[in-house]
Ligand SMILES: Nc1ncnc2c1ncn2[C@@H]1O[C@H](COP(=O)(O)OP(=O)(O)OP(=O)(O)O)[C@@H](O)[C@H]1O
Ligand SMILES: [Mg+2]
């Protein structure tokens, strides 16, 4: 597949600027670049979702020319997409999502052969190692399962697939699942399928990519075989300078001192995958939480958000027992929770300004009146401080790239200066530079007494800022790591130890 | 206001205003001495007051992402109840008391809707279709199938008929209520929470927005406004015919939806609603002045309703499509048949 000279201009942004891009059969071509560099836009142009500017060059697949802006033709040519937003419909079942826009198997009298459809769906889910009832609604899935379903959907008619484009498929996956995805990718490339792989995680690129293309501000700034790029060079190409990978190692010292006041206390909580989980979080510490898929890591924020019902045990926030927590109850206690599902982090139709102030409008309110002028000023300052691009607080959130939406979400919670902040995947889909910035901001807030619970499948995050790491296995806190034990290798070993951890 | 300037073009925002201005110019030129007179223009405005009040109240549930179909039923109930209170007491009931009772009854009706939707978690559309029918039934019981016209005190009818500096008082009501709703939607935290709830209920809840409370209140407000409209209607007419409200339901939705495509496209907003109301009203007025048969007016109104909703739909669809990040859309179009 190849495209030449593609440009795409949104009303005020040139998202792609004369990009050439090609993929060969059987290779993995990594597409990387900072947040807002145009990766998703390129993928969407290829999907026929965006029409590129009129002066763009030809788009060919296996020598045949394809029209732009025609998703059906693209599908027929054997291209499959896993978009950053996954594109699953919450209210439909797994089976219906898998067949979305496609034909159902029918018997006599147009009757849908549900039995056969179910078997087919189960087979598709088995490709990604999911053993779920095809009648389950997508709304009930964990973020990890959602990603897997999206992958299953793209792969289901394996024979017709020529090229698969994955836009940050691993942002929501823990490392165990990434390994599985890579096995799947290798199996496909062995059959001559081409892969386009978008990710911010350089170690993944190192492991899986044959070739690399780096975008910066919509332009190709480097392309070639993976072996020609070492990590330092990639980082400097992405960031546009020789800044290098700067994770805030200094932050950890700052978080060593912490108070005694317990801000969050799980007392034998059974909920979702959690089985009698016990732990305490105190003022000023950053506690990482790690675990495999299905270990229950994400049920901790889930419980606090009221998305996972507590079956037994007690949740104590700031000394108060909260039986069925939800965000409106937590806020007066100074606790805030950032959810991990992408679509729940912000409200796409509202502007950046409206999103960033939504969590607490009181400081902007006099009597009944919402002081819009002050809100604008504050939003402008936040956009500046969190380096949200573009710096236009009046843009709808939907027009930002995935990583920038993430920054807005983190900014929203840091703005209200909580005492306890639970972050579920805060650096998901954020580029190397922005990741360091986000962690830095979190760490400096912790230095001033903020307690942070960091649920991240990115072990580098945990290594960079945590003073303690809880490893969840089988629904309970199995190990607690401190000091020198907090490193990628030990955390991974602890996650995998005792294979009793259920793979669900 | 400079909000959302970049995301919507000038034409998207002000196309409706241009259309309205065009109609006014057209009628002014082709109907000299008839259209552009004070009496005619003030007539156009005052004809819109009742429907405008109903539509203003409707903006709140719509902005919060829920439908309230019962406003016609609530309005009917208000018209019948307020006039009946005078009739049964032989015109002796103090006017403020009669109005207060009616407003409370209207709030109670809204409360029933709110409880059904928020507490019992019934789909708002279904719930309010059901209650609407119940409210109409209640009105019939009260009115006993007839128009209530006895013992309506003069002081009550003056509430709907007085003029202030030659401006009908009902027009003043509309202006005041419009200003209040505009202020609440655009300048209060409640308004912001309302739009957030409408644009993404679960995401808003997770940001700490009390979405259930917001939705509860919107049902109270839409019922209250329908009740106010009913009281004003009864006062203006001086009697209480059964089933008047039903004819206000569809126009209210049409102007709310048409209004949501203008000024602040993609949001249910007060200035847009006002422009939409007058696009309909001026058109009808012009046709009447041309002396066109009465049935054309009905047909015109029906056509405007349909065009309004189609326009609102395609515009929001286009807005969604532009925002490529709408998840469902992205994939639905990526996986063809
Ligand atoms: N629908 C849209 N309307 C207007 N601008 C858009 C739209 N979609 C993307 N953009 C802009 O285009 C640029 C490229 O965005 P894109 O989503 O392609 O970035 P990305 O490389 O995928 O970033 P990330 O790593 O954060 O996902 C950004 O500046 C973004 O704000
Ligand atoms: Mg992207």
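The values are calculated or read from the model by the stated rules, or taken from the named source; none is laboratory data. Predicted, not measured: the structure shown is a model, and the values here were computed from it. Note that we place each Cβ from the backbone using ideal geometry, even for glycine, and neighbour counts take in every protein chain shown.
Assorted remarks:
- Of the helices (runs of 4 or more DSSP H) contained entirely in region A:338-445, not one carries at least 2 residues that are in contact with a helix residue (DSSP H, G or I) (Cβ under 6 Å, 6 or more places away or on another chain), under 19 Å from residue A:302 (Cα atoms) and within 13 Å of ligand 1 (Cβ to nearest atom).
- Going through (1) assigned to a loop (DSSP other than H, G, I, E, B); (2) in contact (Cβ under 8 Å) with a residue 24 or more places away in the chain; (3) surrounded by 16 or more Cβ atoms within 10 Å (Cβ to Cβ) one by one, residue A:130 falls short only on (2).
- Within region A:333-365, tally of residues that are more than 28 Å from residue A:145 (Cα to Cα), in contact (Cβ under 8 Å) with a residue 60 or more places away in the chain and facing chain B (nearest Cβ under 8 Å): 0
- Residues that are facing chain B (nearest Cβ under 8 Å) and at pLDDT below 90 within region A:366-397 comprise just one, A:368.
- Take the conditions (1) touching a helix residue (DSSP H, G or I) at 6+ places or on another chain (Cβ under 9 Å); (2) at pLDDT 85 or above; (3) away from ligand 1 (no atom under 14 Å from the Cβ); residue A:168 misses just one of them, which is (3).
- From the list B:155, B:127, B:114, B:108, the one residue that fits, being in contact with a helix residue (DSSP H, G or I) (Cβ under 9 Å, 6 or more places away or on another chain), in a helix (DSSP H, G or I) and closer than 14 Å to residue B:82 by Cα, is B:155.
- Residues that are modelled with pLDDT of 70 or more and out of contact with any helix residue (DSSP H, G or I) (no Cβ under 8 Å at 6 or more places or on another chain) within region A:78-111 comprise A:96, A:111, listed in sequence order.
- Residues in region B:1-19 that are at pLDDT 60 or above, surrounded by 18 or more Cβ atoms within 10 Å (Cβ to Cβ) and either within 7 Å of chain A (Cβ to nearest Cβ) or part of a loop (DSSP other than H, G, I, E, B) (or both): B:8 only.
Let's see how each residue does on (1) assigned to a helix (DSSP H, G or I); (2) more than 14 Å from every other protein chain (Cβ to nearest Cβ); (3) in contact with a strand residue (DSSP E or B) (Cβ under 9 Å, 6 or more places away or on another chain); (4) within 16 Å of ligand 1 (Cβ to nearest atom):
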residue	(1), (2), (3), (4)
A:181	yes, yes, yes, no
A:187	yes, yes, no, no
A:192	no, yes, no, no
A:200	no, yes, yes, yes
A:203	yes, yes, no, no
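- Test for residue A:278: is it at pLDDT 90 or above and not assigned by TED's automatic domain parsing to the domain that holds residue A:463: no
- Residue A:328 being out of contact with any helix residue (DSSP H, G or I) (no Cβ under 7 Å at 6 or more places or on another chain) and within 11 Å of another protein chain (Cβ to nearest Cβ): yes
A quick yes/no check of all residues on (1) touching a residue at least 40 places away in the same chain (Cβ under 8 Å); (2) over 19 Å from residue B:28 (Cβ atoms):
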| residue | (1), (2) |
| --- | --- |
| B:261 | yes, yes |
| B:264 | yes, yes |
| B:268 | yes, yes |
| B:273 | yes, yes |
| B:281 | yes, no |
| B:285 | yes, no |
| B:288 | no, no |
| B:291 | no, no |
| B:294 | no, yes |
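- For region A:189-222, the set of residues classified as surrounded by fewer than 19 Cβ atoms within 10 Å (Cβ to Cβ) and closer than 24 Å to residue A:77 by Cβ consists of A:189, A:190, A:191, A:192, A:210, listed by residue number.
- Here residue A:122 clears all of (1) away from ligand 1 (no atom under 16 Å from the Cβ); (2) part of a loop (DSSP other than H, G, I, E, B) except the condition numbered (2).
- Residue ID - farthest from ligand 1 (Cβ to nearest atom), chosen from residues in region A:133-165 that are touching a helix residue (DSSP H, G or I) at 6+ places or on another chain (Cβ under 6 Å) and part of a loop (DSSP other than H, G, I, E, B): A:134
Quick grid of which residues meet (1) more than 26 Å from the chain's Cα centre (by Cα); (2) surrounded by 19 or more Cβ atoms within 10 Å (Cβ to Cβ); (3) away from ligand 2 (no atom under 13 Å from the Cβ); (4) modelled with pLDDT under 90:
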position: A:33; (1), (2), (3), (4): no, yes, no, yes
position: A:39; (1), (2), (3), (4): no, yes, no, no
position: A:42; (1), (2), (3), (4): no, yes, no, no
position: A:54; (1), (2), (3), (4): yes, no, yes, yes
position: A:60; (1), (2), (3), (4): yes, no, yes, yes
position: A:75; (1), (2), (3), (4): no, yes, yes, yes
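- Subset of region A:22-42 (residues that are more than 14 Å from every other protein chain (Cβ to nearest Cβ) and either touching a helix residue (DSSP H, G or I) at 6+ places or on another chain (Cβ under 8 Å) or near ligand 1 (Cβ under 10 Å from one of its atoms) (or both)): A:26, A:27, A:28, A:30, A:31, A:32, A:33, A:34, A:37
- Strands (runs of 3 or more DSSP E) wholly inside region A:43-97 that include at least 2 residues being more than 13 Å from chain B (Cβ to nearest Cβ): A:59-61, A:64-66
- From the list A:390, A:426, the lone residue that is within 16 Å of ligand 2 (Cβ to nearest atom) and in contact (Cβ under 8 Å) with a residue 12 or more places away in the chain is A:390.
- As a summary of the residue check, residue A:19 satisfies the conditions (1) buried (at least 24 other Cβ atoms within 10 Å of the Cβ); (2) more than 9 Å from chain B (Cβ to nearest Cβ); (3) within 14 Å of ligand 2 (Cβ to nearest atom) except for the one numbered (3).
- Test result for residue B:226, modelled with pLDDT under 95 and assigned to a helix (DSSP H, G or I): no
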